[in-house]
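Just below is one structure, and these are the notes that go with it.
Please treat every number below as a calculation from the coordinates, not as lab data. Note that the structure is a prediction, hence the values are computed from the model and not measured. Don't worry about glycine lacking a Cβ; one is built from the backbone with ideal geometry, like all the others, and counts go over all protein chains shown.
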Amino acid sequence: MKFKQIIWAYASFAIFGTMPALAAPNETVTVYGLSPKIVLHEIRKMASGQWDAQLARWDSAFCPGVLGLDEPFQGIVLKHLDRAARAVIPGLPATCKTKNAFIVFSENGSAMFDAIDKGLPTLGNGYDSSNVSKQDFEPPDRRIVAQLRQDRPVRWYRSTSVQYFNGAWGDASAQSAKFDEKGTLLRTTFTIVIVDRNLASGASWGQLADYVAFVVLAAPALGENFNQNSIMSLYDEGRFQSTAPSLMTPLDDAVLRALYAANPAQDAHAEQTEIATSVSSEVTHKTRATH
């Protein structure tokens, strides 16, 4: 059974009955005043990566799909994700066919993950994973699986692959994926985001859609708490936070732009430092412009 068929077999088609209508953007949210040290600390969670490798990013093959959700809510999620993706990923086509980023809505996120894990147990970091073939994957780290089995409003994981300078693809675990290998790029090639309808209730559709968009594009560290100036703080402490921003904030936008613009020929820590410098500079510039 193909992966998409497995997902469809287990995905429920109910919607968030308790979720309110989209909220207006919160104009009072600000990232001004964050020190460079705090920015770097947050970025190491918001754009996480293996220390001796590049940070992974999507390329123009990015193609999201939403399962288990009816319209108009499916369209809201896709619209927010498309808008965020086009702001940072160059060359995205107007339409796409081969889905490689699945956002799955389920009544029970843990049961959904277990079903996916049993149906496609080798899903992890492999190569050429955009083909969604079992042979293209290595088993995921058991520690990651343990985190994914824990009840939480939203959980996510991804596959990464190495793209060589000649366009060929390779295993992300190979030495050629390391940061000091010139002419290679570590790409995100497959992502699954599982939204537990019951645990995620309370958020507006705008909040949830922007939260999912940031997760898909940046793959933050799972299970962390985030700065209150980020949409990622929406589910701090594993539950909905009523004080979280209404939509993506200037901090979130700046982090995504800096992530996709950073020089990949360096280790993750160096990239995170570059991203933090860029974000801090942008924040400082905006602060000065408002005074």
Open item on the list: Quick check: Cα centre of the range 240-260 to Cα centre of the range 52-84, how many Å?
Closed with: 16 Å
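Which length gain, in nm to one decimal place, applies between residue 201 and residue 261 when the Cα-Cα distance is subtracted from 0.36 nm times their residue separation? Write out the running numbers ahead of the final one.
On the way: separation 60, 0.36 × 60 = 21.60 nm, distance 3.41 nm.
The span from residue 201 to residue 261 would gain 18.2 nm if fully extended.
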TODO: Would you please classify the overall shape of the range 31-108 from the alpha carbon gyration tensor, given that a ≥ b ≥ c denote the square roots of the eigenvalues, rounded means a/c under 1.5, and beyond that prolate means a/b larger than b/c while oblate covers the rest?
DONE: prolate
TODO: Between residue 86 and residue 59, with labels modelled 7 Å along Cα→Cβ, what's the label distance in nm to one decimal, could you check?
DONE: 2.2 nm
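Find how much the distance from residue 281 to residue 70 grows on full extension, using 0.36 nm per residue of separation minus their present alpha carbon separation; answer in nm with one decimal. Before the final figure, lay out the partial values.
Values: separation 211, 0.36 × 211 = 75.96 nm, distance 4.14 nm.
That works out to 71.8 nm of additional length.
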Task: Residues in the range 185-221 that a label on residue 96 would reach, taking backbone N under 15 Å of a point 7 Å out along Cα→Cβ - done: 187-193, 213-219
Open item on the list: Using only the alpha-carbon atoms of the range 198-254 as identical scatterers, what base-10 log of I(q)/I(0) does the Debye formula give at q = 0.27 Å⁻¹?
Closed with: -1.24
TODO: May I ask you to compute the full-extension gain from residue 147 to residue 165, defined as 0.36 nm times their residue separation minus their alpha-carbon distance, rounded to one decimal in nm?
DONE: 3.0 nm
Task: Net +/- balance of residues flanking residue 261 in space, Cβ distance below 13 Å, scoring K and R +1, D and E -1 - done: -2
